[in-house]
1. Check off (1) surrounded by fewer than 24 Cβ atoms within 10 Å (Cβ to Cβ); (2) of a type in the set (S, T, Y); (3) within 30 Å of A:T252 (Cα to Cα) for B:T264 and give me the number that stays unchecked.
2. Read through the list (1) without any contact (Cβ under 8 Å) to a residue 40 or more places away in the chain; (2) within 12 Å of another protein chain (Cβ to nearest Cβ), then give the number of the only condition that A:S41 fails.
3. Report the residue count in the range A:81-102 for those that are more than 10 Å from chain B (Cβ to nearest Cβ) and surrounded by 19 or more Cβ atoms within 10 Å (Cβ to Cβ).
4. Considering each residue of the range A:189-232, count those that are of a type in the set (F, W, Y) and under 22 Å from B:G142 (Cα atoms), and give that number.
5. Just to be sure before I move on: is B:D172 at negative phi, open to solvent by less than 20 Å² (accessible area, probe 1.4 Å) and touching a residue at least 12 places away in the same chain (Cβ under 8 Å) in the structure I sent?
6. Failed condition for A:T224, given (1) more than 27 Å from B:Y272 (Cβ to Cβ); (2) buried (at least 22 other Cβ atoms within 10 Å of the Cβ), with all others met?
7. Being more than 18 Å from the chain's Cα centre (by Cα) and either part of a helix (DSSP H, G or I) or under 23 Å from B:A100 (Cα atoms) (or both) narrows it down to one residue among B:F238, B:F270; which is it?
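The values are calculated or read from the model by the stated rules, or taken from the named source; none is laboratory data. The shown structure was predicted, so the numbers you read here are calculated from the model rather than taken from an experiment. Glycine gets a Cβ as well: all are built from the backbone with ideal geometry, and neighbour counts include every protein chain shown. Just the protein is used for accessible areas: all its heavy atoms, side chains included, with ligands, DNA and RNA removed. Shrake-Rupley method; radii C 1.70, N 1.55, O 1.52, S 1.80 Å.
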Amino acid sequence: MSAPVSSSAPAGAFGHRLRIAAAIIVSLFFLFPIYWMVLTSFKQQVDIFTNPPTFFFTPTLATYKEYIARADIVRRLINTVIVATGSGLLSIVVGTMAGYALARIRLRGAGTIGLLILLSRGVPPIALAVPMFLVARKFGLTDKHITLILAYSTFLIPYVMWLMRSFFLSLPKELEESAMIDGCSRYGAFFKIILPISLPGLLSTLIFSMILAWEELLFALVLTNRNASTIPVAIAGIAGDTVNGANWGALTAVGTITVVPVVIFALLVQKWLIKGLADGATKG
Amino acid sequence: MTTETVSRRDAAGGGAARHARRHALADLLTRWSFLMPSMLVLVVMLAYPIFYTIEISFSSFDLASFSADQWVGWENYREVIGDYRFWESLKVTLIYLVIALPLQVVLGFGIAYLINAEWWGRGILRALFIIPMVVAPVVAGGMWRMILDPLWGIANYWLGLVGLGPLDWFGDARLAMASVIIIDTWRWTPFIVLIATAALLALPKDVFEAAKIDGAGWWSTLWSVAVPLLVPVIAATFVIRWLGAVKMFDIVLAATYGGPGKATNVINLFIYEEAFRSLRFAESAAMAVIVLILTMVLTGIFLRGSRKLEELF
């Protein structure tokens, strides 16, 4: 029995090494575009348009300096932070409570509501964008942070609800049952017992919600024009700006500004992120 | 506390019943209060716009007052259904979905198998796979437009080194579609990789050992042991990816803007253009309703299907 195993071991070790090498090459392929974007953002115009493309050059911050002022980047960055934080927090509070209700509280008709909410994750945003724009215009609510925050909650709340529902379902029922027998109210049990042990799940859901809001384009494009305009809108503007030819310097600089903070943040909390993501998908 | 209520109930039955009723009502309110805030937001921000879209889709639209004007019945729908551009953009969307989704699911599970090889760098690779996922789609579109640029892009330079190309990525209709799918796949495959990694790690080891002892080969182990165990996760991933893919908008907007011609004009971009550039709100509302119904029906079918699949295996 042991003979065939040991004889196949060298081939196995070779296969194993091949697998690792393939994994590294694939990862590099997936990371290269971002590396190339960040690299290009530090190039001068003459270094961008060269053939063959340059890997070594004198780095400059010129594009950053120019476009941070011209594309109104600081204001858009602040807007993006406000909207992402606002909609993330609103959705996590409201969505977590609802997710708990769907997982644990017996309510007549809750199953139907749950199904409707799950289906609502499939609502294409374009079906909402047209009326939202018209209504916002009617009530003078365009170009306001709160409008965008509420608009983002349409896809964030169902997402949070569903993830937290499956998270709560994975907790043992006895936790809050014993607390409630001991005289805790439903709210007491929820806030004192359930929420504290759910912190990792809550955190990863919150971060994902904020990333989704951070990068949203359609609603921001439709509902804002100046005061509440976000960074993705600026990037869409630069990418679509074909009058001046491809403006790669601006595109890469603003792109880098958008991506780098999120990447750093995501890497810092990657353990929770991966776990939350995997649980949400496999237990959902 | 309990003795008190009991003695009071003994003393005056009617009062206690009223008390109990009020208590039950309060309990019902408490229980529903968990669900109410989100339902309130979703009704105002989701249900109301949907019903308003339906109203506009059956009306003529008055641009002066910027609101639905007269009820015109099915006229907008007739116009949309008779518009070949609508069907073209639906076709483009369908081509994208049919190629991109299976490609991403297969690639995702394949890469997950690769990066699950046991060595010290496994955790690092898995963490790095988060990065493309958190790149905003509009950034991904713009970034790849630079990489695939026919003249200065590094992709064509590399393809030139191996004797392929230069390819006119955005000038040729088929290649433009391929570029959109490449960009979308680059951005979304890591998401599937992370889910698949977790799913693969959660597979019961003893089943594989048993298969090995029974003398099952690599292929038959994969096909008759691993795949059946993974079917629920694959189905769930597919549904999640589907939910994201029907929203396809940002990547095309930044990378091709629907071009060349209308070759990559996905339905969402088409409706956006019709509404906000051509200001044809009534027609675009009708299109939005059609797309909404199509998506809902297909999502329902996929959800049912994924449950059925789980039962099957």
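1. Exception for B:T264: condition (1).
2. Condition not satisfied by A:S41: (1).
3. The qualifying residues number 6.
4. 2
5. Considered against the rule, which asks whether it is at negative phi, open to solvent by less than 20 Å² (accessible area, probe 1.4 Å) and touching a residue at least 12 places away in the same chain (Cβ under 8 Å), B:D172 comes out as no.
6. Looking at each condition in turn, A:T224 falls short on (1).
7. After applying the criteria, what remains is B:F270.
Residues are listed down the side, and each one gets a yes or a no for (1) under 24 Å from B:G110 (Cα atoms); (2) among the β-branched types (V, I, T):
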residue	(1), (2)
B:L164	no, no
B:W218	yes, no
B:V239	yes, yes
B:G244	yes, no
B:A255	no, no
